[in-house]
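The values are calculated or read from the model by the stated rules, or taken from the named source; none is laboratory data. None of the values given here were measured: they were computed from a predicted structure. Neighbour counts are summed over all protein chains in view; Cβ atoms, including those assigned to glycine, are modelled from backbone coordinates with ideal geometry. When the accessible area is computed, the model is the full protein with side chains, heavy atoms only, and any ligands, DNA or RNA have been set aside. Shrake-Rupley method; radii C 1.70, N 1.55, O 1.52, S 1.80 Å.
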Amino acid sequence: QVRLVESGGDLVQAGGSLRLSCTASGIVFRLAIMGWYRQAPGKQRELVASITSVRSTNYADSVKGRFTISRDNRENTVTLQIDRLKPEDPDVYYCNLVPALSDSWGQGTQVTVSS
């Protein structure tokens, strides 16, 4: 059974930084393409960053230059470093495979930005 557990969300001032972490189990992590998704209230969940097994990365245009995704295949973790937080960044952030496993979404972690 796949299990994805996100952590690290917090209330941060605009312009600040945050580091989100996700631990995965139940998959062959080192071979998986992993991604970070976010979902604002009333909107569809969107993929904002992904990383392949060979650490090739891809980012949504809205986060390029501010978000950095990384992975640790020994610890089965994928991390999202968020810098220069903007008012439009607050969302619930989730990790999942790419493409996502529809029945494996975790609880997510809430990012809130104060102005």
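In the chain, the inverse of the mean reciprocal separation of distinct Cα atoms equals 14.0 Å; this is its Kirkwood hydrodynamic radius. Against the empirical curve 2.2 N^0.38 Å, the C-alpha radius of gyration of region 1-64 lands at a ratio of 1.25.
Between GLY65, GLY15, GLY26, the Gaussian network model of the chain with springs among Cα atoms under 10 angstrom shows the greatest mean-square fluctuation at GLY26. Magnitude of the charge dipole for the chain, about its Cα centre and with charges confined to Cβ atoms of Lys, Arg (+1) and Asp, Glu (-1), is about 240 debye.
Listed peptides 102-109, 31-38, 91-98 appear in the order 91-98, 31-38, 102-109 once ranked by packing, highest mean of other Cβ atoms within 10 Å at the front. At an R0 of 25 angstrom, the distance between the Cβ atoms of THR57 and LEU101 translates into a FRET efficiency of 0.80. The accessible-area ordering, largest first, of the residues VAL5, VAL113, VAL63 stands as VAL5, VAL113, VAL63, per a 1.4 angstrom probe. Candidates MET34, GLY15, VAL92 compared by Cα position along the dipole of the chain: farthest toward the positive end lies MET34, with charges placed on Cβ.
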